[in-house]
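In what follows, a structure is listed as structure tokens, so that the remarks can point back to it.
The values are calculated or read from the model by the stated rules, or taken from the named source; none is laboratory data. Here the structure is a predicted model, which is why all the values come from computation and not from measurement. Glycine also receives a Cβ, built like all others from the backbone with ideal geometry; neighbour counts cover every protein chain displayed. Remember, those area values only see protein heavy atoms, side chains included, never the ligands or the DNA or RNA. Shrake-Rupley method; radii C 1.70, N 1.55, O 1.52, S 1.80 Å.
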Amino acid sequence: MASSSITRYLTGITTTGTPHLGNYVGSIRPSVRFSRQNGVQSFYFLADYHALIKCDEPARIQRSTLEIAATWLACGLDPERVTFYRQSDIPEIPELTWLLTCVSAKGMLNRAHAYKAAVDKNLAKNEDPDNDVSVGLFMYPVLMGADILMFNAHKVPVGRDQIQHLEMARDMAQRFNHLYGAHFTLPEAVVDDTVAVLPGLDGRKMSKSYDNTIPLFAPRAQLEKLIAGIVTDSRAPGQPKPTEGSALFQIYQAFASETETAAMRQAFAEGIAWSQAKQQLFERIDREMAPLRECYKTLMADPAQIERTLRAGAQKAREQTRPFTARLRQAVGLRDLAQQMTTSVTPAPARAKTRKSSPAAKAGFKQYRESDGRFYFKLLDQNANVLLQSRGFSTPQEATRVIDIIKKGGGAALGPLADQFELLDATTQAHTVDEVLKALRSL
Ligand code: TRP
């Protein structure tokens, strides 16, 4: 897909809450390192429109936006090198959201994990399925699609929970391109399995929803106290301790060098006291965080400077979003009326291509592996339009098995599979189902 050699990376951070060590290890630190590489162009933005979906406390949104901006800057994000902006400073994003809304199947959004979870929760309580569900929550994936497609990002580093959103963004891009010409790059999710998922104080994944986090810039004394509270077992000093399953060890490992980790492993085997191990963990984290914490304090003391940085970022971003939006408006027909009408009412290269396509081309399934390491398949029609996009499978055999069921069962297999395997997440337009059936018949 990439037509130039520069790969564009884009990531959004929802502005609710205060960043914690898990965010740092899992996202901020790797992203900042990554943004310094050559040959990449990165976009980082504060997803404050998304924040409104989850949070109706204006002061908290403002506070969190400031904290998250200061955090990324303190952790070394260079706004000269990357494009760092606030989503709500880019009016072209909600505009694109609408254009994408009009090409997104409602059925696709019905299947979004977050929405489905909310509905299932209501059903379990015998409530109306949409009780307390805002249209904002329902539309979340479309807004996210607009974030990504607006910058024609090639790669989107995300957590596993976001893969479905990327599949949907691809689907919106495909559908739009099919109707209006090749405007959007199809983005790919990048899930980095080498970065650790940091356990929290109670040993479960560190997450705000478990209330087990260590705030990234907790002052020294608070950091020490929180670390002292990490769950351990009752093994006494002198008793060997397994590193396997130890939250303390895993957190240490996320900060330490290989040599330091090896030394800690040895100390565990030799029965280091938990209190001592905690002390070492505290010192190790503090060594990395202390300079960043200082920088963070300085930044937080001057919010006006952060505001200026974000506005400058928005200006840089809008150098792209403004002309691109003009092009998209033109493509869909939101045009200057004085302008000469184009001969074709719908100038869709995709359709033109359909007519010209070589008769030799055949519809068929394609199996492939994505950079997230999972195995996918899609069903293409004879013009190489994607009709059906699978979810990711952990083995190619699983994917093949599903393909076989579809081939054997034809149309009748689609319905049951859609639920069982979350197939068709990406393609639920009625016309596409018809096309799928047509393609299956032609196999
Ligand atoms: N949904 C993402 C999250 O909760 C945040 C986000 C919003 C995002 N827009 C995005 C991430 C665009 C990547 C690209 O983590």
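Within the range 1-22, can you find the residues that are within 15 Å of the ligand (Cβ to nearest atom), among the polar types (S, T, N, Q) and either out of contact with any Lys or Arg (no Cβ under 9 Å at 6 or more places or on another chain) or without any contact (Cβ under 8 Å) to a residue 12 or more places away in the chain (or both)? Across the range 1-22, the qualifying residue is only Thr11.
Among the residues of the range 276-285, is there at least one that is farther than 22 Å from Pro19 by Cβ, part of a helix (DSSP H, G or I), among the basic types (Lys, Arg) and not assigned by TED's automatic domain parsing to the domain that holds Ile68? For the range 276-285, residues farther than 22 Å from Pro19 by Cβ, part of a helix (DSSP H, G or I), among the basic types (Lys, Arg) and not assigned by TED's automatic domain parsing to the domain that holds Ile68: present. Taken as a whole, the structure places Ala47 among residues that are within 18 Å of the chain's Cα centre (by Cα), among the small types (Gly, Ala, Ser) and within 24 Å of Tyr9 (Cα to Cα).
So is Leu226 of a type in the set (A, V, I, L, M, F, W, C), open to solvent by 10 Å² or more (accessible area, probe 1.4 Å) and at pLDDT 95 or above or not? Walk me through it before giving the result.
Working: of a type in the set (A, V, I, L, M, F, W, C): yes; open to solvent by 10 Å² or more (accessible area, probe 1.4 Å): yes; at pLDDT 95 or above: yes.
In short, yes.
Number of residues in the range 112-142 that are touching a Leu at 6+ places or on another chain (Cβ under 8 Å) and farther than 22 Å from Asp48 by Cβ: the value is 1. As a summary of the residue check, Ser42 satisfies the conditions (1) more than 21 Å from Pro79 (Cα to Cα); (2) at pLDDT 95 or above except for the one numbered (1). Note on the range 299-343: residues that are in a loop (DSSP other than H, G, I, E, B) and of a type outside the set (D, E, K, R) amount to 10.
Selection of the range 44-63 for residues being within 13 Å of the ligand (Cβ to nearest atom) and of a type outside the set (A, V, I, L, M) yields Tyr44, Phe45, Asp48, Tyr49, His50, Lys54, Cys55.
Does the range 152-168 contain at least one residue that is assigned by TED's automatic domain parsing to the domain that holds Arg322, of a type in the set (Gly, Ala, Ser) and under 27 Å from Pro91 (Cβ atoms)?
yes
If I ask for residues that are aromatic (Phe, Trp, Tyr) and either more than 21 Å from the chain's Cα centre (by Cα) or not in a helix (DSSP H, G or I) (or both), which ones from the range 63-93 would you list? Walk me through how you get there before you give the answer.
To start, the set of residues in the range 63-93 that are aromatic (Phe, Trp, Tyr) comprises 72, 84-85.
The answer is Phe84, Tyr85.
In this structure, Tyr180 does not qualify as under 30 Å from Leu100 (Cα atoms), within 16 Å of the ligand (Cβ to nearest atom) and of a type outside the set (A, V, I, L, M, F, W, C). The residues in the range 360-399 that are hydrophobic (A, V, I, L, M, F, W, C) and in a loop (DSSP other than H, G, I, E, B) can be counted, and the count is 4. Kindly evaluate Asp132 against the criterion of being away from the ligand (no atom under 16 Å from the Cβ) and on the phi > 0 side of the Ramachandran plot. Criteria met by Asp132.
Those residues that are surrounded by 14 or more Cβ atoms within 10 Å (Cβ to Cβ), of a type outside the set (Ser, Thr, Tyr) and over 16 Å from Asp147 (Cα atoms), I need them from the range 309-334; list them, please.
Scanning the range 309-334 gives Leu310, Ala312, Arg329, Gln330, Ala331, Val332.
Have a look at Ala399, Ala412 and point out the one that is over 28 Å from the mean Cα position of the chain (by Cα) and among the hydrophobic types (A, V, I, L, M, F, W, C). Spell out how you get there, then give the answer.
Numbers: Ala399 fails: over 28 Å from the mean Cα position of the chain (by Cα).
Every option except Ala412 fails the conditions.
Can you find a residue that is part of a loop (DSSP other than H, G, I, E, B), open to solvent by less than 30 Å² (accessible area, probe 1.4 Å) and away from the ligand (no atom under 12 Å from the Cβ) anywhere in the range 28-43? Outline the logic, then answer.
As a first pass, look at the range 28-43 and keep what is part of a loop (DSSP other than H, G, I, E, B): 36-39.
With the extra rule that they be open to solvent by less than 30 Å² (accessible area, probe 1.4 Å), the set shrinks to none.
No, the conditions are met nowhere in the range 28-43.
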